[in-house]
Amino acid sequence: MMILMATILPPKLSLPLNNKKSRGKHSFHSKYVFFSNKPYPKFAPLSPNLHFSYDTVSVFASPAQSKDNKITDWNTKIYEVCEMGNIDKAIKLLYMSPKTEIESRTCCSILQLSAELKSLQDGKKVHSFICSSGISIDSVLGSKLVFMYVTCGDLREGRLIFDKIRNEKVFLWNLMMNGYTKIGDFKESVSLFRQMLDLGVEVNSHTVSCVLKCFAALGSVKEGKWVHGFLLKLGLGSYNAVVNSLIAFYLKIRRVDVARKLFDELSNRDVISWNSMISGYVANGFSEKGVELFKKMLYLGVDMDLATMVSILQACANCGDVSLGRAVHGSGVKACVHWKTTFCNTLLDMYAKCGVLDGAILVFDLMSVRTVVTWTSLIAAYAREGLSDEAIRLFHEMDREGVSPDIFTITTVLHACACNGSLENGKDVHNYIRENDMQSNIFVCNALMDMYAKCGSMEDANSVFLEMPVKDIISWNTMIGGYSKNSLPNEALSLFGDMVLEMKPDGTTLACILPACASLASLDRGKEVHGHILRNGFFSDQQVANALVDMYVKCGVPVLARLLFDMIPTKDLITWTVMIAGYGMHGFGNNAITTFNEMRQAGIEPDEVSFISILYACSHSGLLDEGWRFFNVMQDECNVKPKLEHYACIVDLLARSGKLAMAYKFIKSMPIEPDATIWGALLSGCRIHHDVKLAEKVAEHVFELEPENTGYYVLLANTYAEAEKWEEVKKLRQKIGRRGLKKNPGCSWIEVKSKVHIFLAGNSSHPQAKKIEVLLKRLRSKMKEEGYFPKTRYALINADSLQKETALCGHSEKLAMAFGILNLPPARTIRVSKNLRVCGDCHEMAKFISKTLGREIVLRDSNRFHHFKDGVCCCRGFW
């Protein structure tokens with residue numbers, strides 16, 4: 001019966017492609033296999049033995065029919081095998097068949113299956129068969145070859161064939177464009193789009209969606225807007241996919257307002273529309289708005305998917321909204337996506353950034369598959385909590401588990417070391433970087449330099465910097481900032497000079513170099529940087545403006561600092577605090593108080609640093625009552641709990657005002673254990689007010705807390721010397737000698753014509769040393785004539801008056817002031833900086849010079865500024 005049916009059925013009926021057997025795993029195959037209008041022959045149901053069935057049919061066929069059926073047999077066999085998804089058998093049958101009998105559409109079937117299985121090797125075998133068989137590669141077969149190559153990831157080979165068989169089928173153009181987009185070659189994808197337009201190929205919604213993604217990635221705002229207008233002309237503006245791509249484009253170029261307008265005008269929003277808008281808000285720093293939109297989405301009954309959950313977890317991480325994060329966590333469990341790696345990684349990051357470290361660890365422990373992102377997120381969580389050792393431990397555990405750290409892991413663990421000052425751990429990571437040949441990566445090098453700089457090892461940071469093959473702006477800024485913060489201002493300024501020859505500084509560079517100018521009190525260099533700021537429009541940068549005000553304050557020009565301060569349109573807490581601290585440093589306590597009150601009236605509440613600044617200002621201006629008031633305001637009105645720095649300011653305030661017994665009692669009543677700084681403030685007060693007995697008592701506490709700090713021994717020695725207790729000075733110096741301690745030598749410097757001149761106490765090596773000596777002797781004689789006598793107790797040596805006077809003349813600040821008088825124009829202010837506290841005799845001489853020679857002198861010591869004018873100093877004795 002089967003034989004009879006096979007002989008009487010028409011030989012060229014189409015095979016039923018929509019039957020149940022042809023559907024299933026390879027439904028996409030059925031849609032795209034047939035490009036020709038010529039149908040395959042239809043056969044009766046075949047017996048299990050395919051060869052037996054074909055042989056039986058051929059027995060009853062005419063000679064002509066027999067030849068056609070044999071050709072059909074091979075093609076049909078291969079097609080049936082392809083329908084079953086057996087690529088190996090299909091390839092085997094292809095090579096077994098006579099080459100002349102295989103039709104191009106049969107090759108299309110195998111190419112389609114190769115693409116579906118991502119089997120590039122099998123696809124290449126078919127291509128090789130086509131070439132060796134002489135089968136003509138028409139547009140249909142060529143399209144299928146291109147499809148196979150692109151789908152299997154060989155874009156280069158696909159492009160070679162595409163260029164030969166170009167046609168007007170938009171599908172093929174879209175395929176190539178998407179292929180380039182997937183590998184990040186957005187420019188080539190755009191180039192294909194332009195060729196499409198030139199050739200008149202009719203674009204569709206998929207084309208527009210792809211090219212918008214490319215323009216977004218390239219930041220091509222103008223071109224993207226042109227595509228927007230173009231698609232509206234084509235009538236594609238109502239397609240969800242197109243509008244979703246437009247929303248994504250505008251969000252990528254940070255035009256959130258335009259994206260939201262498109263979203264609101266979209267009548268039939270799908271979950272992709274909502275996800276695009278929510279993730280766009282989060283990516284653009286509007287996480288709160290993303291959360292609001294998410295809540296609206298739920299209210300309208302739109303079901304969230306995995307992408308929604310990931311975006312909203314990121315928003316929760318940014319907002320610190322752990323409650324909503326936990327709710328999304330629960331939704332993820334209910335939706336059975338809690339095992340997906342992407343969800344878990346984002347969830348872990350959310351808990352970490354919200355400060356719930358235990359939650360992050362729990363998610364980590366429950367994960368069955370941990371990627372490098374997982375490990376990095378938990379390492380970052382430990383680093384954020386200041387647990388550098390745990391971060392390092394996890395880093396090594398990750399390595400043992402066989403998960404290779406990426407650039408983000410390395411930079412994260414280096415950041416952990418930097419935050420904790422863990423130099424040894426940082427060096428261990430550096431060794432790992434060397435062993436794994438990662439030192440050429442610019443991000444790794446920048447993180448290494450930052451770690452070394454924050455750990456105080458600028459020599460190691462410089463070694464990394466010098467070995468870098470390529471340096472970016474961050475590399476230079478890291479080094480310049482590192483030098484500034486590690487009290488190496490000369491190195492910072494030198495490197496800045498090298499940098500401007502290589503590239504243009506940015507706002508961060510300027511904010512880093514200004515503190516170096518301030519540290520050296522280098523007003524000329526500071527003014528040069530100020531000029532650069534004005535020429536390049538950087539004053540609008542809050543960080544730069546604050547640093548500029550601070551520079552002028554520390555270079556002794558508070559008037560200019562205030563002028564710039566008033567020009568800043570929006571002042572933050574740092575701006576106000578810099579100005580308050582600046583007034584305090586210059587002894588303008590009342591100005592500091594006025595500015596502090598203005599800050600509060602502007603609605604900015606002070607923090608603990610602001611209160612340190614105002615208490616310091618009160619201390620250095622002798623404003624005892626005002627200082628006590630602010631100390632109470634801090635606790636009662638602003639709920640700021642006093643720290644050691646605040647207590648030190650109050651002790652200093654009392655000690656400078658001569659309330660030594662009260663200061664001692666205050667220390668004893670402190671709720672926290674006093675440190676050496678607090679006892680040192682009282683010791684300094686004992687020296688000012690010559691209370692030797694209390695000084696000895698206080699010194700016991702100081703030496704117990706910091707036995708290696710030479711400064712405190714010198715302070716007590718000065719107290720003895722000023723009281724002319726030379727035997728005690730001798731004992732103390734012997735004690736210093738036995739401990740191997742050395743006093744820092746006095747050093748002063750002055751800037752003349754943008755060059756810094758340094759003077760050491762008692763050093764006569766300067767080229768103008770003779771002229772300086774003559775000038776100082778002349779000034780000393782004139783002082784005596786007018787009734788000023790040397791305060792020889794400040795000589796701190798046990799010798800006769802002449803020897804003491806000679807020693808006083810060699811103090812470094814006197815040498816610098818004399819140099820300024822000799823080399824600066826009469827109208828110029830003499831600006832001198834000293835590394836130690838100015839001595840009383842030098843203070844008196846500066847007052848005399850300002851009155852007798854009519855020279856204004858600004859002297860900055862380790863403690864504060866002294867402005868000398870007309871024989872008066874702004875400190876009024878409080879230093």
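The values are calculated or read from the model by the stated rules, or taken from the named source; none is laboratory data. Just so it is clear, the structure is predicted and the values come from calculations on it, not from any experiment. Neighbour counts run over all protein chains shown; Cβ positions are idealised from the backbone, glycine included.
Quick rundown of the values:
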item	result
Residue, nearest to Phe230 (Cα to Cα), within region 172-194, restricted to residues that are without any contact (Cβ under 8 Å) to a residue 12 or more places away in the chain and assigned to a helix (DSSP H, G or I)	Arg194
Count of residues meeting criterion [at pLDDT below 90 and among the small types (Gly, Ala, Ser)] in region 817-850	2
Conditions (1) surrounded by fewer than 20 Cβ atoms within 10 Å (Cβ to Cβ); (2) assigned by TED's automatic domain parsing to the domain that holds Gly456; (3) at pLDDT 90 or above; number of the one not met by Arg384	(3)
Of all residues in region 340-358 being over 18 Å from Met304 (Cβ atoms) and either aliphatic (A, V, I, L, M) or free of Cβ contacts under 8 Å to residues at least 24 places away in the same chain (or both), the one that is surrounded by the fewest Cβ atoms within 10 Å (Cβ to Cβ)	Asp358
Where Gly482 falls short, out of the listed (1) assigned to a helix (DSSP H, G or I); (2) outside the structural domain of Ala511 (by TED's automatic domain parsing); (3) out of contact with any Ser or Thr (no Cβ under 7 Å at 6 or more places or on another chain)	(2)
Residues satisfying the stated conditions in region 325-340, i.e. in a helix (DSSP H, G or I) and not hydroxyl-bearing (Ser, Thr, Tyr)	Gly325, Arg326, Ala327, Val328, His329, Gly330, Gly332, Val333, Lys334
Among residues of region 858-873, those that are in a strand (DSSP E or B) and more than 43 Å from the chain's Cα centre (by Cα), counted	4
Hey, Glu696 at pLDDT below 95 and out of contact with any helix residue (DSSP H, G or I) (no Cβ under 7 Å at 6 or more places or on another chain) or not	yes
In region 483-517, the residues that are of a type in the set (Ser, Thr, Tyr), touching a residue at least 12 places away in the same chain (Cβ under 8 Å) and either buried (at least 21 other Cβ atoms within 10 Å of the Cβ) or on the phi < 0 side of the Ramachandran plot (or both)	Tyr483, Ser484, Thr508, Thr509
Check on Ser684, of a type in the set (Ser, Thr, Tyr) and buried (at least 20 other Cβ atoms within 10 Å of the Cβ)	yes
Residues that are small (Gly, Ala, Ser) and in contact (Cβ under 8 Å) with a residue 24 or more places away in the chain, drawn from region 528-546	Ala545
Hits in region 390-405 (condition: of a type in the set (Gly, Ala, Ser) and either under 10 Å from Trp375 (Cα atoms) or touching a residue at least 24 places away in the same chain (Cβ under 8 Å) (or both))	Ala391, Ser404
Qualifying position, being part of a loop (DSSP other than H, G, I, E, B), β-branched (Val, Ile, Thr) and in contact with a Leu (Cβ under 7 Å, 6 or more places away or on another chain), among Ile672, Ile678	Ile672
Of the criteria (1) surrounded by 13 or more Cβ atoms within 10 Å (Cβ to Cβ); (2) in contact with a Leu (Cβ under 7 Å, 6 or more places away or on another chain); (3) not hydroxyl-bearing (Ser, Thr, Tyr), which one Pro745 fails	(1)
Pairs where the first residue, in region 406-430, is part of a helix (DSSP H, G or I) and the second is basic (Lys, Arg) and crowded, with 22+ Cβ neighbours inside 10 Å, C-beta under 7 Å, 6+ apart	Ala418/Lys454
Single residue of region 147-172 satisfying the filter (under 13 Å from Gln195 (Cβ atoms) and over 40 Å from the mean Cα position of the chain (by Cα)) that is surrounded by the most Cβ atoms within 10 Å (Cβ to Cβ)	Phe162
Test for Asp437: is it on the phi > 0 side of the Ramachandran plot, surrounded by fewer than 20 Cβ atoms within 10 Å (Cβ to Cβ) and among the charged types (D, E, K, R)	yes
Among the residues listed as Ile473, Ile480, the single one being in contact (Cβ under 8 Å) with a residue 24 or more places away in the chain, touching a Leu at 6+ places or on another chain (Cβ under 8 Å) and not charged (D, E, K, R)	Ile480
Single unsatisfied condition, Lys504 versus (1) of a type in the set (D, E, K, R); (2) within 16 Å of the chain's Cα centre (by Cα); (3) outside any helix (DSSP H, G or I)	(2)
Qualifying residues in region 544-582 (those that are modelled with pLDDT of 95 or more and of a type in the set (Ser, Thr, Tyr)) - the one farthest from the chain's Cα centre (by Cα)	Tyr552
Residue match in region 653-662 (condition: in a helix (DSSP H, G or I), out of contact with any Leu (no Cβ under 9 Å at 6 or more places or on another chain), outside the structural domain of Asp861 (by TED's automatic domain parsing) and free of Cβ contacts under 8 Å to residues at least 12 places away in the same chain)	no
Met304, sole failed condition from (1) touching a residue at least 24 places away in the same chain (Cβ under 8 Å); (2) assigned to a helix (DSSP H, G or I)	(2)
Where a residue in region 69-86 is modelled with pLDDT of 80 or more and its partner, wherever it lies, is of a type in the set (A, V, I, L, M) and surrounded by fewer than 19 Cβ atoms within 10 Å (Cβ to Cβ), with Cβ under 9 Å and at least six apart	Asp73/Leu50; Trp74/Met96; Thr76/Leu15; Lys77/Leu50; Tyr79/Leu15; Glu80/Leu46; Glu80/Leu50; Gly85/Leu117
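Okay, residues lined up against (1) crowded, with 22+ Cβ neighbours inside 10 Å; (2) modelled with pLDDT of 95 or more; (3) not charged (D, E, K, R):
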residue	(1), (2), (3)
Met599	no, yes, yes
Glu605	no, no, no
Phe611	yes, yes, yes
Ser619	yes, no, yes
Leu623	yes, no, yes
Phe630	yes, yes, yes
Ala655	yes, no, yes
Ala676	no, no, yes
Gly680	yes, no, yes
